[in-house]
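Enquirer: Right, I'll just put the structure down here and ask away after.
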Amino acid sequence: MMEKKQIKSSTLSVIKADVTATEIDAFVFYARNDLKLGSGFGNAIALRGGPSIRKELENLGPLKVTEVVVTTAGNMKAKHIIHACGPKFQEENLEQKLKTTIINVLKAAEANGIESIAFPPMGAGFYGVPIDVSAKITIETIAEYLNKGSEIKDVIICANDTREYKALEPKLKDALKKAA
Amino acid sequence: MNTEKNKRSYKAQKVIDRMGQKLTRQMVGSLTACVHCGMCTDSCHYVLANPGDPTFAPAYKADKIRKLFKQHYDWTGKVFPKWVKAGSVYTDEELQELKDIVFGKCTNCRRCTVNCPMGVDLATFNRMARGLLCHVGIMPEGVEYVAKEQWEIGNQMGVLKEDYIETVEWQEEELQSEMEDPTAKIPIDKPDSNIVYVINPREIKHDPRSILDAAKIFYAAGEDYTMPSEGWDMTNFGLFNGDDELGGAVAGRVYDKVEELRGKKLVISECGHGYRSTRCEGPNWAKKDITFDAESSVITMLEYIKQGKIKVDKTKNPGSYTFHDSCNNARSCGLTEEPRELLSLVVEDFREMYPNRAENYCCTGGGGAMSMAEYRPSRLKSAKIKADQLAATGTKTVVTSCHNCVDGLTDLIGHYKLGMDVTQLVNLVANALVIDDIVEENKKKYAEKEEVSSGSAQ
Ligand code: SF4
Ligand code: SF4
């Protein structure tokens, strides 16, 4: 499953894949404010990446909501991880905070010379952002950003399953219509 | 301006608002039907283990949720609020107290339901209340941990894809060695198979022997089956934490994979909540009509014996055995007779425990309780009821058809020093298999082949 679109000099795609297993410059981890990796993708980072990532994180937190930090990715296929402290569990002004978090990720990527980046559908799943809301905000925010011209060449959004893919894919088409 | 709303914390208001979206007709029936007769009280293992403490009574616990319904969603609460004991939640502390009731004082076992003359199903709205709290991030740490594993990694125990594949391949090697057949396979992602076999991640992490045992049975039956590389976890934490979205996502991953592989039948290994979630609740959560058959591996194994596809010898399982009904299998899915029939075919000495079937007591690990470390002391106290039941059978081994119950029973057997073993039907069936002739034939066949190939190499 894959859908890919060109936006200015960048590409934006939706694929079905495990975001932590992608071969890419950086992937985004939806982080806790204390930067503890915890379970889920955090567990995948700890198991696949090794202990160095946790060590790096020790001196970087805590984060406020919308803040991001960049670490290396240890033994993983990616080179970097962007730990993004997005809003959680229906907190106030969730949509605006989610948008700001995504923009901060993209800015951090540019500041670190990252040219390809993989996102999960931001905040969806465990943290309770409905997949349709997450898909719309994640794709629209990235598309708007890339449409202004960016040094990031490729952005991919990794759906964890068909259900997420089906929510993301039409939003990619909608966002392109808007950007055109 | 609504002053009532202004007094309430942000999270408490979200919980109240969400309740309105989650109430179903069945829940409303249960929330309105209770006449406080108390007939359910002594059916709860928490009550029996805590005599004199009314806070464990099913109706008392139910009233903590019911009061919110009465206050916000039922006309009686608007007209006679005091009479119907309507009430609300205002602070995050009150939400925490509610959390300790809905997660810590009830395993959603539904024993009170089968003993209620009004058909009040507390477990259904207790699950809803869990979901309301999880929605605003209020849940036991273990629940948070496991739910996130299943959302993001795709299974409750955070087993990575590479580790799953490696474990299945390791069991395939074991199968080849036990069957003396270097070509024996545990296929992964084989399209158009008769059976797609899905398991509990506990089998990968702590009990790979169960995968091998199932593989031996499939091998002996000459079954055309496959395990999927994704969507292989048939457990579903959404049943426990009340998150219908998680329930739908997990069940949907299983269904999507079966459809992608064009499997004819989904066979669910032994797990009470996995069976209930994948076979019964999943299609509703995932909003999907499933186009293939789905059954418990208990039925599959029983049919193999009845149809003569496998032969078993019960003398291979000496000793005395009793059977523990998983609450989800027995009370929610009516799977009570087939496991007994199967057990009687593979052991010589099977003794019932009492009460049994739909009246059996919870292993105390139900409803995700094994993941909630903070409630372990109270859970083990309530397990005295199950421990007495087990001890009274005088057997050495308790058999169950649920991985979750295996853990719950093992924990309480250790705590109450019962000295019993816990096992599952798949292990007993595999052990009882009459396969010596197949193994001997394989030995000869592959020895001959080796001779031929070494001869032609000379
Ligand atoms: S739940 Fe049923 S049995 Fe229990 S008090 Fe209410 S009406 Fe009586
Ligand atoms: S569902 Fe089970 S644990 Fe919960 S109150 Fe009823 S009998 Fe007790």
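Enquirer: Taking the stretch B:286-319 only, how many residues are surrounded by fewer than 15 Cβ atoms within 10 Å (Cβ to Cβ) and assigned to a strand (DSSP E or B)?
Expert: Residues that pass the stated criteria total 1.
Enquirer: Being under 17 Å from B:ASN108 (Cβ atoms) and either surrounded by fewer than 24 Cβ atoms within 10 Å (Cβ to Cβ) or within 12 Å of another protein chain (Cβ to nearest Cβ) (or both) is true for just one of B:ASP256, B:ASP244. Which residue is that?
Expert: Criteria check complete, one pass: B:ASP244.
Enquirer: Checking B:ALA184 against (1) more than 12 Å from every other protein chain (Cβ to nearest Cβ); (2) surrounded by 18 or more Cβ atoms within 10 Å (Cβ to Cβ); (3) in contact with a strand residue (DSSP E or B) (Cβ under 9 Å, 6 or more places away or on another chain), which test does it fail?
Expert: (3)
Enquirer: Which of the residues spanning the stretch A:61-92 are among the hydroxyl-bearing types (Ser, Thr, Tyr) and either within 14 Å of another protein chain (Cβ to nearest Cβ) or within 18 Å of A:SER134 (Cβ to Cβ) (or both)?
Expert: First, the residues of the stretch A:61-92 that are among the hydroxyl-bearing types (Ser, Thr, Tyr): A:66, A:71-72.
The answer is A:THR66, and nothing else.
Enquirer: Of the numbered conditions (1) modelled with pLDDT of 95 or more; (2) away from ligand 2 (no atom under 15 Å from the Cβ), B:VAL452 satisfies every one except a single condition; which is it?
Expert: (1)
Enquirer: Same structure, new question: Output the helices (runs of 4 or more DSSP H) that fall wholly within the stretch B:1-119 and possess 3 or more residues being open to solvent by less than 40 Å² (accessible area, probe 1.4 Å) and more than 16 Å from ligand 1 (Cβ to nearest atom), or say none.
Expert: The qualifying helices (runs of 4 or more DSSP H) are B:10-22, B:92-102.
Enquirer: In this structure, is A:GLU151 of a type outside the set (A, V, I, L, M, F, W, C), part of a loop (DSSP other than H, G, I, E, B) and open to solvent by 50 Å² or more (accessible area, probe 1.4 Å)?
Expert: Here the answer is yes, as A:GLU151 does meet what is asked.
Residues checked against (1) among the hydrophobic types (A, V, I, L, M, F, W, C); (2) within 14 Å of another protein chain (Cβ to nearest Cβ); (3) open to solvent by less than 50 Å² (accessible area, probe 1.4 Å):
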{"position": "A:GLU95", "(1), (2), (3)": "no, no, no"}
{"position": "A:LEU98", "(1), (2), (3)": "yes, no, yes"}
{"position": "A:ILE102", "(1), (2), (3)": "yes, no, yes"}
{"position": "A:LYS107", "(1), (2), (3)": "no, no, no"}
{"position": "A:SER116", "(1), (2), (3)": "no, no, yes"}
{"position": "A:PHE119", "(1), (2), (3)": "yes, yes, yes"}
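Enquirer: While we're here: For the stretch B:392-423, name all the residues that are surrounded by fewer than 24 Cβ atoms within 10 Å (Cβ to Cβ) and in a strand (DSSP E or B).
Expert: Passing the criteria: B:THR397, B:ASP421, B:VAL422, B:THR423.
Enquirer: While we're on this one: Is there any pair with a first residue in the stretch B:92-119 that is within 9 Å of ligand 2 (Cβ to nearest atom) and a second that is of a type in the set (Asp, Glu) whose Cβ atoms are under 6 Å apart and which are 6 or more apart or on different chains, and what are they?
Expert: That search, which allows pairs on different chains as well, returns B:THR113/B:ASP121.
Enquirer: Being small (Gly, Ala, Ser) and either over 20 Å from the mean Cα position of the chain (by Cα) or surrounded by fewer than 20 Cβ atoms within 10 Å (Cβ to Cβ) (or both) is the filter; apply it to the stretch B:127-164 and report the residue that is farthest from the other protein chains (Cβ to nearest Cβ).
Expert: B:GLY142
Enquirer: Can I ask one more? Residues in the stretch A:46-60: is at least one open to solvent by 30 Å² or more (accessible area, probe 1.4 Å), among the acidic types (Asp, Glu), away from chain B (no Cβ under 11 Å) and out of contact with any Leu (no Cβ under 9 Å at 6 or more places or on another chain)?
Expert: Yes, there is a match, as at least one residue in the stretch A:46-60 is open to solvent by 30 Å² or more (accessible area, probe 1.4 Å), among the acidic types (Asp, Glu), away from chain B (no Cβ under 11 Å) and out of contact with any Leu (no Cβ under 9 Å at 6 or more places or on another chain).
The values are calculated or read from the model by the stated rules, or taken from the named source; none is laboratory data. Please read these numbers as outputs of a predicted model, since none were measured by experiment. FYI the Cβ positions are ideal-geometry reconstructions off the backbone, even for glycines, and counts take in every protein chain you see. To get the accessible areas, we keep the full protein, side chains included, count just its heavy atoms, and leave off ligands, DNA and RNA. Shrake-Rupley method; radii C 1.70, N 1.55, O 1.52, S 1.80 Å.
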